[in-house]
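Right, one structure below, let's go through it.
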Amino acid sequence: MASKPPKADPVQDAPQVTEPKHAAAGIPAIGHTLRIAQQQMGVKRTALTLLRVNQKDGFDCPGCAWPEPEHRHAAEFCENGAKAVAEEATLRRVTPEFFAAHSVADLATRSGYWLGQQGRLTHPMHLPEGGDHYEPVTWERAFDIIAEEIAALGSPDEALFYTSGRTSNEAAFAYQLFARELGTNNLPDCSNMCHESSGSALSETIGVGKGSVLLEDLYQADLIVVAGQNPGTNHPRMLSALEKAKANGAKIISVNPLPEAGLERFKNPQTPQGMLKGAALNDLFLQIRIGGDQALFRLLNKLILETEGAVDQAFVDEHTHGYEEFATQARAADWDETLAATGLTRAEIDEALRMVLASQRTIVCWAMGLTQHKHSVPTIREVVNFLLLRGNIGRPGAGVCPVRGHSNVQGDRTMGIFERPAPAFLDALEKEFGFAPPREHGYDVVQAIRALRDGDAKVFFAMGGNFVSASPDTDVTEAAMRRARLTVHVSTKLNRSHAITGARALILPTLGRTERDLQGSGEQFVTVEDSMGMVHASRGRLEPASTHLLSEPAIVCRLARRVLGSESRTPWEEFEKDYATIRDRIARVIPGFEDFNARVTDSAGRPGGFTLPHAPRDERRFPTATGKANFTAAPVEYPELPEGRLLLQTLRSHDQYNTTIYGLDDRYRGIKNGRRVVLVNPEDAQKLNLADGSYVDLVGEWKDDVERRAPGFRVVHYPTARGCAAAYYPETNVLVPLDATADTSNTPASKSVVVRLEQSAAD
Ligand code: SF4
């Protein structure tokens, strides 16, 4: 029997702390998976639902964007994938009665965990101006309210259309089309806060803003560098791929300020041997100082240049641009300063170099640990320099591998969810739909928050997500959101963004990916694109949580008809009735999607889908400004740390996916029943006189002298890199200044926040 949602908010935060774990998955993962799944879905539904995840005729996991292997296991999901599915397929419901019992002010006092545990939204809800409770509203009335507010705007650019990375390709394409037909490019998305730095650096250096590596490449690699990523929690099935790569002879170097259990040992639950003994993954763990990655790759590049015959000169001469300028600068790098920036020893660098030189096929994988710093774009350019030097792009078993977060975040960008669209994309849209799309760039996430704060934006529409919790500078963001005329959230579950509203607000409940989607032409499927550029179908199988839900594409199509009216020549009704008609248009507008419908339904090629072209990988062709792969010469940057301060990285616990909190434990790090903890190196704690178990306030320090305080964190002595601390978001997003962003990509610098720790008044 599924359990009821928690009545009282369990987040009293009394964390218990034990020793961190040194192995991931295994029998405990199975136990936790079944416990959480049973709590949400009960036994029978758990079995029915989990056996459909990531199967060819099933639905795509709404967790991360890790690809499906050729051969699917009966249980083709990980612990965190099961948690994501269980949260969506839960039997708990948030009905109009719930909103009658809980005012918006009450909801604003609740933890993200409590809100998320209440269950699936069942009805469209409206918060009238001046009201304090959401009330049921009809879909028609809801679209009327949005149309009224949009009509009252001075310009379409006063509206914001945010996208969370769970939105399907079909919904995303229709959504951007609606916004552009309305007249704005204000399409901020969650990518702005995560891999935007990767897209910026890769577009510039290799001409494609996406990874060049496929799963097969991982299995063929000699060396895999995993930098600034914790796959054991954030992409758990990646551990299976790393285990297979190791079995094929690969070596693994992990680069991280924190030792992570998932990279130490992986107990693969798919095999008895794996479950009991497991496989060691790391061959070398480089405990880098926060923000020291560019310095590390600079030193490796310097040593490669200084090693006779180590550079793949033939590749460099034929396929690259800017080598000499880069090589001159790299050779001139100051050892002592650059090494100090890494926090590593010369011996560790030499060991890493030995492994690099022994490898003919090298892959670098990364995530937020590289993308959320002021100097993230130069860091990723330096990673590309590192791979170009030895010709590790466009060769099997080699390449760049930014591992994406949300399950379709890459697909949404491919569909045109981007505030800075390419002229060629807008030309194709104009040719296909016969209207002149806006050419002026729109707002990304940080700019959108500024626009709300400054009154330049008045209508905020979110397709999924939990904007206020995902964004930086929480107090600023929440105040900005409250300045809006109207806030609208298309959601499956309750979250904090529903409690931080504009003058009036709407919650539009939508189908989840696990649910059957019946439209006029019959049962529909949607498509997604994973982190490696593979596009495949996803078919919901469960009965919808409520008969009052609409699918994402249906919401967009009905909204577009209501707002754009008869002037629009786009066949919104047809789109809603049959998503194949949306895919036909995608096939004509976006390169690589030719014969889209034929290729996702008959699975003639790859199971249930196809791989998008990637010129650097497929042909060693680099569609950059120079027509070559570009080396980049740039000074090495790294965060400065004033005396008595620590560099804080915000991160996820193991019971969390982005801002969705599945539970209050962080099992691999030995944290139980609490989230307000700060991990501090014991030597730093001693120097700062911080006893393990004492309570502190985290106070962010930044050039604007605004005091940003996160009170009441339990100090946990933890083997972090010296000078580096870690704590969970969204609780610590309050410390990240809105204007502290990465150069070029404008991604919030959430991984390197200078903090001081003050004894809490409570302690
Ligand atoms: S690895 Fe990612 S996509 Fe795969 S099951 Fe786990 S959460 Fe889902």
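For the stretch 54-66, what are the residues that are more than 8 Å from the ligand (Cβ to nearest atom) and closer than 13 Å to MET534 by Cβ?
Restricting attention to the stretch 54-66, the residues satisfying the condition of being more than 8 Å from the ligand (Cβ to nearest atom) are 55-59.
Passing the criteria: only LYS56.
Residue-wise test of (1) in a loop (DSSP other than H, G, I, E, B); (2) aromatic (Phe, Trp, Tyr); (3) in contact with an Asp or Glu (Cβ under 8 Å, 6 or more places away or on another chain); (4) free of Cβ contacts under 8 Å to residues at least 12 places away in the same chain.
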residue: GLY512; (1), (2), (3), (4): yes, no, yes, no
residue: THR527; (1), (2), (3), (4): no, no, yes, no
residue: MET532; (1), (2), (3), (4): yes, no, no, no
residue: PRO544; (1), (2), (3), (4): yes, no, yes, no
residue: HIS548; (1), (2), (3), (4): yes, no, no, no
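Of the residues making up the stretch 74-97, those that are assigned to a loop (DSSP other than H, G, I, E, B) and either under 21 Å from the mean Cα position of the chain (by Cα) or within 11 Å of the ligand (Cβ to nearest atom) (or both) are ALA75, GLU76, PHE77, CYS78. Where helices (runs of 4 or more DSSP H) sit wholly within the stretch 309-401, those with at least 2 residues that are under 17 Å from LEU284 (Cβ atoms) and of a type in the set (Asp, Glu) occupy 346-357.
Just need a number here: residues in the stretch 623-661 that are among the aromatic types (Phe, Trp, Tyr) and either surrounded by fewer than 22 Cβ atoms within 10 Å (Cβ to Cβ) or not in a loop (DSSP other than H, G, I, E, B) (or both).
In the first step, residues of the stretch 623-661 are kept if they are among the aromatic types (Phe, Trp, Tyr); the result is 631, 638, 657.
From what is left, the residues that are either surrounded by fewer than 22 Cβ atoms within 10 Å (Cβ to Cβ) or not in a loop (DSSP other than H, G, I, E, B) (or both) are 657.
Looking only at that region, the number is 1.
Report, by residue number, each residue of the stretch 615-652 that is polar (S, T, N, Q) and at pLDDT below 95. Lay out the reasoning, then the answer.
From the stretch 615-652, those polar (S, T, N, Q) are 624, 626, 630, 632, 649-650; that's our starting set.
Listed by number, the list is empty, since nothing qualifies.
Taking ARG756 as the residue in question, decide whether it is in a strand (DSSP E or B), in contact with a Pro (Cβ under 7 Å, 6 or more places away or on another chain) and open to solvent by 10 Å² or more (accessible area, probe 1.4 Å). Explain how you work it out, then say what you get.
Numbers: in a strand (DSSP E or B): yes; in contact with a Pro (Cβ under 7 Å, 6 or more places away or on another chain): no; open to solvent by 10 Å² or more (accessible area, probe 1.4 Å): yes.
Judged against the criteria, ARG756 is not a match.
The set of residues from the stretch 440-469 being farther than 20 Å from GLN176 by Cα, touching a residue at least 60 places away in the same chain (Cβ under 8 Å) and in a loop (DSSP other than H, G, I, E, B) comprises just one member, ASP456. Pairs are defined by a Cβ separation below 7 Å, a sequence spacing of at least 6 or placement on different chains, a first member in the stretch 689-714 that is within 13 Å of GLU731 (Cβ to Cβ), and a second member that is open to solvent by 20 Å² or more (accessible area, probe 1.4 Å) and part of a loop (DSSP other than H, G, I, E, B); the pairs so defined are ALA710/GLU731; GLY712/ARG676; GLY712/ALA762; PHE713/ARG676; ARG714/ARG676; ARG714/GLY693. Residue check: GLY592 meets all listed conditions (1) in a helix (DSSP H, G or I); (2) modelled with pLDDT of 95 or more; (3) touching a Gly at 6+ places or on another chain (Cβ under 9 Å) but one, namely (1).
Of all residues in the stretch 237-256, those that are assigned by TED's automatic domain parsing to the domain that holds THR379 have Cβ atoms under 8 Å from Cβ atoms of residues that are modelled with pLDDT under 95 and of a type in the set (Gly, Ala, Ser), 6 or more apart or on another chain, in GLU243/GLY274. In the condition set (1) β-branched (Val, Ile, Thr); (2) more than 26 Å from the chain's Cα centre (by Cα); (3) within 16 Å of the ligand (Cβ to nearest atom), THR122 is compliant with all but (3).
The values are calculated or read from the model by the stated rules, or taken from the named source; none is laboratory data. Since we're looking at a predicted model, the values are computed, not measured. When we count neighbours, we look across all protein chains shown, and the Cβ atoms used for this are built from the backbone with ideal geometry, even at glycine. Note: areas computed on protein heavy atoms with side chains; ligands, DNA, RNA excluded. Shrake-Rupley method; radii C 1.70, N 1.55, O 1.52, S 1.80 Å.
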